[in-house]
Structure formats: C-alpha cells, structure tokens
Amino acid sequence: MNRPHARNSLGKVFVNELFSALEQLRFDEKVRVVVFKSQVKGVFCAGADLKERAKMDDAEVGLFVRRLRNLMDEIAALPVPTIAAIDGYALGGGLELALACDLRVAASSAKMGLIETTRGLIPGAGGTQRLPRCVGIGLAKELIFTGRQIDGQQAFSMGLVNHSVPQNSEGDAAYQRALALAKEILPQAPFAVKMGKLAINRGMEVDIASGMAIEGMCYAQNIPTRDRQEGMAAFREKRPPRFIGK
C-alpha cells in the first residue's frame with residue numbers, strides 16, 4: 001500500500017485499486033501467499049479517509065462503508081493464506097483490514113486500535129465481528145468501547161497478532177518477519193493449505209459437528225490430488241516433496 005499523502009487512508013480510489021488487485025490475485029495460480037504491507041514508513045493504514053468522508057452525505061457514507069465491508073470480505077475470502085505486516089499505525093479500517101487477513105505480524109512499536117467510538121461511530125468494516133473472534137468477546141468489547149490504542153507487544157499478549165518484533169532502522173521489521181513466515185508456508189502443498197484455510201474459516205462459523213463435516217468434505221477433495229501422492233512418495237523415499245498444487 002502506497003498512499004503517503006493520506007497515510008494509506010481508505011479513500012474511494014484507493015479502495016477501487018485494492019479491489020482490482022484482489023481480483024488479479026484470486027485467479028493467479030502462481031500466488032501461494034499474500035502479504036499486505038505499507039510502503040509508507042510508520043503507517044500500515046490510518047483507516048477511513050475522513051477528509052473525503054466529510055464531503056459525503058449520509059446515503060453516500062452508508063454505501064461507501066458497505067463497499068469497505070465488502071473489501072474486507074474479499075480479503076478474507078482469498079483462497080491462499082494472507083499476512084498483514086503491521087510496521088506502524090493500523091487504526092479503524094486499517095486494523096479491520098489486518099483482521100481480515102489470516103495472520104498478523106506487528107512491530108512492537110506499532111499502534112493499533114478500533115478507534116471509531118472516539119469519532120462517534122462504531123467499526124463498520126467487520127471490526128465488531130472479527131475482533132471478538134480473534135481476542136474474545138470481553139477484550140473486544142473493552143477495546144471497542146474505549147477506542148483504546150495498543151502497541152504490538154500488547155497486541156501479541158492478547159492474541160491479536162501472531163508475532164511481535166522489535167522495529168529495525170529501516171522500519172520494516174514486521175514485513176521481514178512476515179516474509180519469513182510466508183517462506184515457511186511456501187514449501188507446503190498449495191491445495192492442502194487452501195483446503196486447511198477453507199475448513200477452518202467455514203468451521204468457525206458453525207457448531208463443531210457441522211465443522212467436522214466441513215473438514216471431512218475438504219479432506220475428501222484432497223485425497224485424489226497429485227500432491228498427496230507426491231507427499232506419500234517423498235516420505236517413503238526419504239526426500240523433500242515437490243508439490244505442484246494439483
């Protein structure tokens with residue numbers, strides 16, 4: 001993300017560009033992991049573009065927030081693993097974008113928060129739903145009710161991010177850790193990783209019995225793949241597997 005004059009805030013043009021990028025990523029079979037990072041030092045995403053928002057009437061605001069919600073849903077629906085590399089401020093919609101990702105890595109100095117109540121609003125792009133699923137209902141309510149900002153280490157302690165790392169002189173420590181995490185995922189069987197993501201995401205929306213059925217359906221799709229056969233052969237032959245994603 002690279003909108004330096006507005007700290008990567010989510011304006012209409014920027015949101016359209018993100019939708020276009022997601023459309024390309026979704027159908028690119030070569031993509032195995034997506035890392036969301038900022039090119040703007042000290043900022044991941046500052047949330048909504050409030051200067052642009054101030055020029056909208058009530059109806060326009062409602063339509064735009066619905067589009068933001070759809071954007072976060074599209075990020076969450078990407079079939080491959082997604083990682084948010086939070087090297088700076090992730091506020092409001094910026095944190096909602098990170099919450100739509102599968103994994104989050106933050107610099108210990110990064111600041112995060114769903115600050116909408118300090119502006120007379122509530123989170124409108126998935127924050128009220130994804131934050132409690134991530135940190136639990138009690139903590140989510142506390143963070144949303146107070147509009148509190150927390151740093152990367154605090155976020156790690158409550159399970160909001162997977163890893164917290166000290167910031168480096170280049171200001172991209174979270175991105176470097178996210179790349180290392182992506183490199184751990186890349187050697188694994190692509191189709192199996194996709195099915196694992198699908199089983200977890202769908203299973204978390206239902207009771208455990210239904211979730212087990214979803215797992216069974218995802219497992220069944222994995223059985224006839226060439227990658228499963230390759231994995232078994234590599235194990236027998238005591239060599240690294242060569243997965244092709246089929």
Seminar exercise, completed: If we keep only residues of segment 44-62 that are among the aliphatic types (A, V, I, L, M) and assigned to a helix (DSSP H, G or I), then the residue nearest to ASP172 (Cα to Cα) is LEU50
For this session: State all residues of segment 210-241 that are among the hydroxyl-bearing types (Ser, Thr, Tyr) and free of Cβ contacts under 8 Å to residues at least 12 places away in the same chain; if no residue qualifies, say none.
Result: SER210
Exercise. With (1) under 18 Å from ILE122 (Cβ atoms); (2) β-branched (Val, Ile, Thr); (3) touching a strand residue (DSSP E or B) at 6+ places or on another chain (Cβ under 8 Å) as the list, and VAL61 as the residue in question, which single condition is left unmet?
Worked result: (3)
Seminar exercise, completed: Taking segment 72-89 and keeping only residues that are closer than 27 Å to THR118 by Cα, part of a strand (DSSP E or B) and under 12 Å from the mean Cα position of the chain (by Cα), one is left with ALA84, ALA85, ILE86
Exercise. Does PRO132 qualify as being surrounded by 22 or more Cβ atoms within 10 Å (Cβ to Cβ) and either of a type in the set (Asp, Glu) or out of contact with any strand residue (DSSP E or B) (no Cβ under 9 Å at 6 or more places or on another chain) (or both)?
Worked result: no
Problem set entry | Set GLN167, GLN153: member being closer than 22 Å to VAL35 by Cβ, among the polar types (S, T, N, Q), touching a residue at least 12 places away in the same chain (Cβ under 8 Å) and in a helix (DSSP H, G or I) | GLN153
Exercise. Based on what the data block shows, is VAL65 assigned to a loop (DSSP other than H, G, I, E, B) and either in the same structural domain as ARG202 (by TED's automatic domain parsing) or among the hydrophobic types (A, V, I, L, M, F, W, C) (or both)?
Worked result: no
Exercise. Could you say whether any residue in segment 119-142 is out of contact with any Phe, Trp or Tyr (no Cβ under 7 Å at 6 or more places or on another chain), modelled with pLDDT under 95 and part of a helix (DSSP H, G or I)?
Worked result: yes
Exercise. Across segment 148-157, what is the total count of residues that are buried (at least 16 other Cβ atoms within 10 Å of the Cβ) and either in contact with a Leu (Cβ under 7 Å, 6 or more places away or on another chain) or of a type in the set (S, T, N, Q) (or both)?
Worked result: 3
Exercise. Of SER38, SER9, which residue is surrounded by 14 or more Cβ atoms within 10 Å (Cβ to Cβ) and closer than 23 Å to LEU103 by Cβ?
Worked result: SER38
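The values are calculated or read from the model by the stated rules, or taken from the named source; none is laboratory data. All of these numbers come straight from a predicted model, not from anything done at the bench. Cβ: placed from backbone, ideal geometry, glycine included. Neighbour counts: every protein chain shown.
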